[in-house]
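Below is one structure, written out as structure tokens; comments come after it.
The values are calculated or read from the model by the stated rules, or taken from the named source; none is laboratory data. None of the values given here were measured: they were computed from a predicted structure. All Cβ positions, even for glycine, are placed from backbone atoms using ideal geometry, and neighbour counts span all protein chains on display.
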Ligand code: ACM
Ligand code: ZN
């Protein structure tokens, strides 16, 4: 009997909690990102060492893809799958090239066999990622798990990406992250069918990419003499030199590692702004208005930018030549954001250039700068992508825009028939708070809650369907001012990135309740993958709304599905007997709200507090 997927998903959490009946209940299908189409059938397929793999295309690449399944089953389940050339043998997983579009796959799980249809290896890879999520979450555990039934629910899945570009960014300049951490980051991205790693490698606060022709960039430019403590304007510094860079060998290792997971690495080399670390090494690249340049020690924007003169272009072209050797990506990110025009206004070379080229102002000079670099990059067979500001003064002819200043840049670029990646702040900025700032570590700006991120539609409604075709995808941004460690990066990025990944991959209609049910099961996978995600999902968010001078209206919500919120107003810990929250209420100045979420009278997260 075929059942409706939505109905099953709705039942999923309930069934999991009914332990007495667990053996009889159909397994829930809780996939993140959700596929385009899922039909649940009766029964299960069971993995054991008797199960065989049949490869329609017996190539090294398909063997490498199947290893993502066989390695997990071997290490977590102690199950060793072998290969067969025999068709029609029960207990076989078939990988069949059925000529499907790029990245698409179909997965049929039947009691006696699993059939994976694909058209390109990336499709087979994504089918494996889905199959791993259909297995018990223990399959992601780092060590052998005992007492688990390695069962996959029978189903039919028809899946293809909504967008070709599904990106995740990491700023490795404000803070530096090891090669091992980057590999883990890419692993987790790939599990979510995210296929672009936007690697932010150059900044005012440090240059992180080895360039053989300009060794000072890393010998010196990797270092800042100290780092601001707290927010950018605290004025207090730690007095400790901070540095780090990637050798070209390490870059090749990362690029190859990502490619095996169908992730393209897009390097970002910032220009004309955010260039202070390079200028500190080679002051001749600047407008020469200062005697001394130093790598920045605080966050923010700096007026010391590249001067558009021949030696600057020679430098940037040389850097690009090495970038082309290291990164096969067709798209190269040239930054372009936050370039103050202060120095150009005072620089006689810049002013003469504006006159000579018949430019209107410094904005057009920026456009001229980017267009010139684009010509060079295009001449080497690559395309550029830059942040919104490359629209100022006119977009370079073939440039794609990464829209971060809200949606306006993306809309403008799509209307000019330029490709766009939607990465709007704060909706897709993972450096913003994800819970009540009062109880969270220091972060950027205001809160961007999981729900806000999930519900954001990356195709602005004002676009015509033709214009909407230029939205090539989405990206979650991880700026690391306030993320000095890998643990903090994971805490800020996950699980919110699950929501962005789903918006990038899935064409299924938005369904917040369904998402929270699937996500809760998915958190069990992130646990096994040792991803230190934020657990605010289980904690009530207490919001105080403006009322009178002496009163506030209180609303309380929690992301976890099927949870009851209970609260107190006398400072005591909420228990299963405390008042149940149903509607917003009023408190006065002397009161403190304490709230916790419960299921079956058991508390599921932390207690949260809020004073008037
Ligand atoms: C940016 O956040 N400056 C692109
Ligand atoms: Zn200048």
Does residue 426 count as away from ligand 1 (no atom under 16 Å from the Cβ), within 18 Å of the chain's Cα centre (by Cα), closer than 18 Å to residue 388 by Cβ and assigned to a loop (DSSP other than H, G, I, E, B)? no
Cβ-Cβ distance below 8 Å, separation of 6 or more or different chains: which pairs start in segment 387-401 with a residue that is in contact (Cβ under 8 Å) with a residue 12 or more places away in the chain and within 17 Å of residue 359 (Cα to Cα) and end on one that is part of a loop (DSSP other than H, G, I, E, B) and more than 11 Å from ligand 1 (Cβ to nearest atom)? 390/396; 390/399; 393/359; 393/360; 393/361; 395/416; 395/418
Working only within segment 303-334, note down all residues that are in a strand (DSSP E or B) and touching a helix residue (DSSP H, G or I) at 6+ places or on another chain (Cβ under 9 Å). 332, 334
Matching residues, segment 134-155, being without any contact (Cβ under 8 Å) to a residue 12 or more places away in the chain and under 29 Å from the mean Cα position of the chain (by Cα): none
Filter segment 459-487 down to the residues that are under 28 Å from residue 517 (Cβ atoms), assigned to a loop (DSSP other than H, G, I, E, B) and touching a helix residue (DSSP H, G or I) at 6+ places or on another chain (Cβ under 6 Å) and list them by number. 459, 478
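Matching residues to (1) outside any strand (DSSP E or B); (2) free of Cβ contacts under 8 Å to residues at least 24 places away in the same chain; (3) buried (at least 21 other Cβ atoms within 10 Å of the Cβ); (4) touching a strand residue (DSSP E or B) at 6+ places or on another chain (Cβ under 9 Å):
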| site | (1), (2), (3), (4) |
| --- | --- |
| 509 | yes, yes, no, no |
| 515 | yes, no, yes, no |
| 555 | no, no, no, yes |
| 586 | no, no, no, yes |
| 595 | no, no, yes, yes |
Which one of 235, 230, 239 is touching a strand residue (DSSP E or B) at 6+ places or on another chain (Cβ under 9 Å) and either in a loop (DSSP other than H, G, I, E, B) or without any contact (Cβ under 8 Å) to a residue 40 or more places away in the chain (or both)? 235
Please report, ordered by residue number, the strands (runs of 3 or more DSSP E) entirely within segment 114-204 with at least 3 residues that are under 18 Å from residue 478 (Cβ atoms). 165-171, 196-200
In segment 284-311, what residues are surrounded by 15 or more Cβ atoms within 10 Å (Cβ to Cβ), closer than 18 Å to residue 213 by Cα and away from ligand 2 (no atom under 11 Å from the Cβ)? none
Qualifying position, being surrounded by 19 or more Cβ atoms within 10 Å (Cβ to Cβ), away from ligand 2 (no atom under 16 Å from the Cβ) and under 22 Å from residue 198 (Cα atoms), among 370, 384: 384
Residue 394 - would you say it is in contact with a helix residue (DSSP H, G or I) (Cβ under 9 Å, 6 or more places away or on another chain) and within 14 Å of ligand 1 (Cβ to nearest atom)? no
If a residue has to be within 16 Å of ligand 2 (Cβ to nearest atom) and within 23 Å of residue 403 (Cβ to Cβ) to count, how many in segment 312-360 make the cut? 3
Can you tell me which residue among 288, 273, 300, 221 is within 16 Å of ligand 1 (Cβ to nearest atom), in a loop (DSSP other than H, G, I, E, B) and touching a helix residue (DSSP H, G or I) at 6+ places or on another chain (Cβ under 9 Å)? 273
If you take the residues of segment 396-417 that are over 20 Å from residue 270 (Cβ atoms) and over 20 Å from the mean Cα position of the chain (by Cα), which of them is nearest to ligand 2 (Cβ to nearest atom)? 397
In segment 374-391, residues that are part of a helix (DSSP H, G or I) and away from ligand 1 (no atom under 14 Å from the Cβ) total 6
Given the structure, is residue 219 at pLDDT 95 or above and surrounded by 15 or more Cβ atoms within 10 Å (Cβ to Cβ)? no
Over segment 305-315, the set of residues without any contact (Cβ under 8 Å) to a residue 60 or more places away in the chain and either farther than 13 Å from residue 339 by Cβ or more than 16 Å from ligand 1 (Cβ to nearest atom) (or both) is 307, 309, 310, 311, 312, 314
Can you find a residue in segment 319-340 that is away from ligand 1 (no atom under 16 Å from the Cβ) and over 30 Å from the mean Cα position of the chain (by Cα)? no
